[in-house]
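In what follows, a structure is listed as structure tokens, so that the remarks can point back to it.
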Amino acid sequence: MVTFLNDLCWRRGDCAFARDLVSALKNGRATPDTLFDWTVAQRGTDLFATARLPLWDDYVENGFSFSTATESARLSRFFKPR
């Protein structure tokens, strides 16, 4: 799951894994029970439309990799200004 969450951040300059998660818990934006979903929502909003299933389920179904459409969208961040 950690790899998945980190990969959602690829080419997003606003991601700092530990800092973001601790801050969300500390500030009450997420609880331990909602932290994973909160993190996916924060990091993967531009990818939601690319997956047939929720992003994590799609990732698992694809052998712990992103589907072709999701990977293409994730990689397209490279061509967008940060």
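The values are calculated or read from the model by the stated rules, or taken from the named source; none is laboratory data. Note that this is a predicted model, so its numbers are computed, not measured. Glycine also receives a Cβ, built like all others from the backbone with ideal geometry; neighbour counts cover every protein chain displayed.
A few comments on the model shown:
- Residue check for Thr31: hydroxyl-bearing (Ser, Thr, Tyr) and either modelled with pLDDT under 90 or surrounded by 15 or more Cβ atoms within 10 Å (Cβ to Cβ) (or both): no
- Residue in region 4-24 that is farthest from the chain's Cα centre (by Cα), counting only those that are in a helix (DSSP H, G or I) and surrounded by 15 or more Cβ atoms within 10 Å (Cβ to Cβ): Ala24
- As a summary of the residue check, Arg52 satisfies the conditions (1) in a loop (DSSP other than H, G, I, E, B); (2) farther than 20 Å from Ser76 by Cα; (3) of a type in the set (Lys, Arg) except for the one numbered (2).
- Identity of the residue in region 64-82, basic (Lys, Arg) and surrounded by 10 or more Cβ atoms within 10 Å (Cβ to Cβ), that ends up modelled with the lowest pLDDT: Arg77
- Residues of region 32-49 classified as outside any helix (DSSP H, G or I) and either among the aromatic types (Phe, Trp, Tyr) or over 18 Å from Phe17 (Cβ atoms) (or both), total: 1
- Selection from region 36-63 of residues that are hydrophobic (A, V, I, L, M, F, W, C), without any contact (Cβ under 8 Å) to a residue 40 or more places away in the chain and either closer than 15 Å to Thr3 by Cα or loosely packed, with under 12 Cβ neighbours inside 10 Å (or both): Phe36, Val40, Ala49, Val60
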